[in-house]
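Inspection log for the structure reproduced underneath, given as structure tokens.
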Amino acid sequence: MAIAFGTSGWRAIIADEFTMANVRIVTQAIASVLDEDATGGSMVIGYDTRFMSERFAAECAGELARLGWTAFLTTRETPTPTISHAIRSHGARGGINFTASHNPPQYNGMKFSTADGAPALPEQTKRVEKRIADIQAGSFTYERTGGAGQVIPLDPREDYLLDLTGKIDFKRISDAALRVAYDSLWGTGRGYLDEILRRNGCEVQMVHDHRDVLFGGYSPEPSERNLGEMRQVVLDQRLDLGVSTDGDADRFGFIDRDGSFISANHILALVLDYLCETRGDWSGGVARSVATTHLLDRIAAHYGRETFETPVGFKYIGEMVNNDRLILGGEESAGLTVKGHFPEKDGILACLLVVEMVAARRASLGEMIESLFRKFGALYSERVGVKLTSDVQSRLQKRLAAEPPAKIGDWRVSSVNRSDGVKYIFDDGSWLLLRMSGTEPVVRCYAETHSKKDLEVLLETGSQFVRS
């Protein structure tokens, strides 16, 4: 079976395709590709709380050492953004984190990051995929000479937390003495986000503060559906805010003090507005994926900042962070980074920025969103997945490749964006994006418009357009 890298590395089902043997093959492929650019060096190896993650990571580190590399192996489960920081601070050639992020518990994965701490770009992962195929076919063997390498234990937590002090105004947080709930979703953020909040004057009520390799029986994604227990804690204890991170702590989720779930798009808009107000000396524009809210465009224009649109995949935003072109980069799938941070999404950073914002403004997230809408106009967005039969998929692909219709439902099409999927932009500023999944017979339907009621209609219209 071919091993393919998606937007965040290779993921597969444990004991089916994700095996020790395949971990060794992928490790050899990554190391040998890096060796073509420069000989040897070190790699940072980490892991999340999934079943066998620490064993897979140890196998990877051992294989690297056998091949003459130095492997910095984390001593406990570690967030993906912390791995990014460790790669940069140790001058490593790259890093591999054993995680399937927010995927269901039967999956594991290998997230491959390059020397800058960013997710490997497609040109790099294509080379790795080709090398994997060659190793599987027996046409390539990677055996370095020059002696054995070594495995060095690494606890990167304190260095990472110290780095955050230059990006977060912890005095504002400390002065507010907020009462916060944190749902780590049994993932790697526990002992990180809760610890730094407590150190800076917050009372923290933990939810799911232990390892569960089954993640309670569902995917460790900080979605509205999965944060019901934290919502109840916020309401019962009358807390100021509920914050959450996913399995490898690179994504975020929020419950407001009234129990409302706040969408990632609205969080990105609030944080951008707040940063423009409080970090006026930070230069740069805002980058968003093609699937992310245009509310960011309105805010950026108001502050005289440029908007950059990227394909879906945080690696594209990471490139611009490395080039110091951004004050903020974000994706609707709950990914965020800021100027001076790593070219990787960071759920811990996102939660701290929102806690700081609540502390500074002394307002709820809902109140801030109402104020934002009064200033920039309301926009609501959502996505749904539509399963496809082979016949429907074939018809849809032809329709998407053809000239756009004049109207979709009651919305008049004014332009089309084909940078990633097909995005129909309507004359009132609303839009509909259709993107085929690369791994299953599903089309992802994203929509944005001016009211919740119209959003429901537009999503249903988009679904009917897919099936017709």
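The values are calculated or read from the model by the stated rules, or taken from the named source; none is laboratory data. In this text, all values refer to a predicted model and were calculated from it rather than measured experimentally. No Cβ is skipped: glycine too gets one built from the backbone with ideal geometry, and neighbour counts run over all protein chains shown.
Which is of a type in the set (A, V, I, L, M) and free of Cβ contacts under 8 Å to residues at least 12 places away in the same chain, of Ala61, Ala71, Ala137?
Just one listed residue meets the conditions, Ala137.
Is it true that Gly366 is touching a Lys or Arg at 6+ places or on another chain (Cβ under 7 Å) and either farther than 23 Å from Asp183 by Cα or modelled with pLDDT of 95 or more (or both)? Quick ask: steps written out before the conclusion?
Numbers: touching a Lys or Arg at 6+ places or on another chain (Cβ under 7 Å): no; either farther than 23 Å from Asp183 by Cα or modelled with pLDDT of 95 or more (or both): yes.
Judged against the criteria, Gly366 is not a match.
Have a look at Arg238, Arg231, Arg257 and point out the one that is outside the structural domain of Asn97 (by TED's automatic domain parsing), on the phi > 0 side of the Ramachandran plot and modelled with pLDDT of 95 or more.
That would be Arg238, the only listed residue that is outside the structural domain of Asn97 (by TED's automatic domain parsing), on the phi > 0 side of the Ramachandran plot and modelled with pLDDT of 95 or more.
Let me confirm something: among Gly91, Gly109, which residue is buried (at least 24 other Cβ atoms within 10 Å of the Cβ), modelled with pLDDT of 95 or more and outside the structural domain of Ser184 (by TED's automatic domain parsing)?
After applying the criteria, what remains is Gly109.
Among Arg131, Arg76, Arg93, which is the only one that is closer than 30 Å to Glu224 by Cβ and in contact (Cβ under 8 Å) with a residue 12 or more places away in the chain? Let's see the steps before the verdict.
Working: Arg131 fails: closer than 30 Å to Glu224 by Cβ; Arg93 fails: closer than 30 Å to Glu224 by Cβ.
Arg76 is the lone residue from the list that is closer than 30 Å to Glu224 by Cβ and in contact (Cβ under 8 Å) with a residue 12 or more places away in the chain.
Against the condition among the hydrophobic types (A, V, I, L, M, F, W, C), buried (at least 18 other Cβ atoms within 10 Å of the Cβ) and in a strand (DSSP E or B), how does Ala100 come out, does it pass?
In short, no.
Residue by residue through the range 403-418, note down the ones that are closer than 20 Å to Val290 by Cα and either in contact (Cβ under 8 Å) with a residue 40 or more places away in the chain or not in a loop (DSSP other than H, G, I, E, B) (or both).
Ile408, Trp411, Arg412, Val413, Ser414, Ser415, Val416, Asn417
Looking at (1) buried (at least 19 other Cβ atoms within 10 Å of the Cβ); (2) farther than 17 Å from Gly187 by Cα, which is the only condition Pro122 fails?
For Pro122, the exception is condition (1).
For the range 1-91, give me every one of the strands (runs of 3 or more DSSP E) that falls completely inside it and has 1 or more residues that are within 21 Å of Tyr107 (Cβ to Cβ) and among the aromatic types (Phe, Trp, Tyr).
Qualifying strands (runs of 3 or more DSSP E): 10-13, 42-47.
Report whether or not Leu400 is out of contact with any Ser or Thr (no Cβ under 8 Å at 6 or more places or on another chain) and either part of a loop (DSSP other than H, G, I, E, B) or touching a residue at least 24 places away in the same chain (Cβ under 8 Å) (or both). Before the answer, list the steps.
Working: out of contact with any Ser or Thr (no Cβ under 8 Å at 6 or more places or on another chain): yes; either part of a loop (DSSP other than H, G, I, E, B) or touching a residue at least 24 places away in the same chain (Cβ under 8 Å) (or both): yes.
Yes, satisfied.
Of the numbered conditions (1) of a type outside the set (Phe, Trp, Tyr); (2) under 17 Å from Thr99 (Cβ atoms); (3) part of a loop (DSSP other than H, G, I, E, B), Ser244 satisfies every one except a single condition; which is it?
(3)
Could you check the range 280-396 for strands (runs of 3 or more DSSP E) lying wholly inside it with 3 or more residues that are out of contact with any Gly (no Cβ under 7 Å at 6 or more places or on another chain) and not aliphatic (A, V, I, L, M)?
326-331, 380-387
Only residues that are hydrophobic (A, V, I, L, M, F, W, C), over 26 Å from Arg435 (Cα atoms), within 17 Å of the chain's Cα centre (by Cα) and modelled with pLDDT of 95 or more: list them for the range 327-353, please. Before you say what the answer is, go through the steps one by one.
So the first thing to find is which residues in the range 327-353 are hydrophobic (A, V, I, L, M, F, W, C), and the list is 327-328, 334, 336, 338, 342, 348-353.
After this cut, where a residue has to be over 26 Å from Arg435 (Cα atoms) as well, the list is 327, 338, 342, 348-353.
Among the residues that remain, those that are also within 17 Å of the chain's Cα centre (by Cα) are: 338, 342, 348-353.
Residues satisfying the conditions are Val338, Ile348, Leu349, Ala350, Cys351, Leu352, Leu353.
Out of the residues in the range 33-57 that are at pLDDT 95 or above and among the small types (Gly, Ala, Ser), state the one that is nearest to Arg76 (Cα to Cα).
Only one residue fits best here, namely Gly46.
Out of all the residues in the range 449-458, is one or more part of a strand (DSSP E or B), under 26 Å from the mean Cα position of the chain (by Cα), surrounded by 12 or more Cβ atoms within 10 Å (Cβ to Cβ) and not assigned by TED's automatic domain parsing to the domain that holds Glu309?
Looking for residues that are part of a strand (DSSP E or B), under 26 Å from the mean Cα position of the chain (by Cα), surrounded by 12 or more Cβ atoms within 10 Å (Cβ to Cβ) and not assigned by TED's automatic domain parsing to the domain that holds Glu309, one finds at least one in the range 449-458, hence yes.
Give me a count of the residues in the range 339-352 that are surrounded by fewer than 24 Cβ atoms within 10 Å (Cβ to Cβ) and more than 18 Å from Ile87 (Cβ to Cβ).
Residues that pass the stated criteria total 2.
Tally up the residues in the range 50-74 that are hydroxyl-bearing (Ser, Thr, Tyr) and in contact with a Phe, Trp or Tyr (Cβ under 6 Å, 6 or more places away or on another chain), please. If you could, list the steps in order and put the result at the bottom.
First, pick out the residues of the range 50-74 that are hydroxyl-bearing (Ser, Thr, Tyr): 53, 70, 74.
With in contact with a Phe, Trp or Tyr (Cβ under 6 Å, 6 or more places away or on another chain) added as a condition, the list becomes 53.
Qualifying residue count, the range 50-74: 1.
Inside the range 178-218, can you point out the residues that are buried (at least 20 other Cβ atoms within 10 Å of the Cβ), assigned to a loop (DSSP other than H, G, I, E, B) and of a type in the set (Ser, Thr, Tyr)?
Residues satisfying the conditions are Ser184, Thr188, Tyr192.
Please specify each residue of the range 192-224 satisfying the condition of being touching a strand residue (DSSP E or B) at 6+ places or on another chain (Cβ under 6 Å) and acidic (Asp, Glu).
Asp194, Glu203, Glu224
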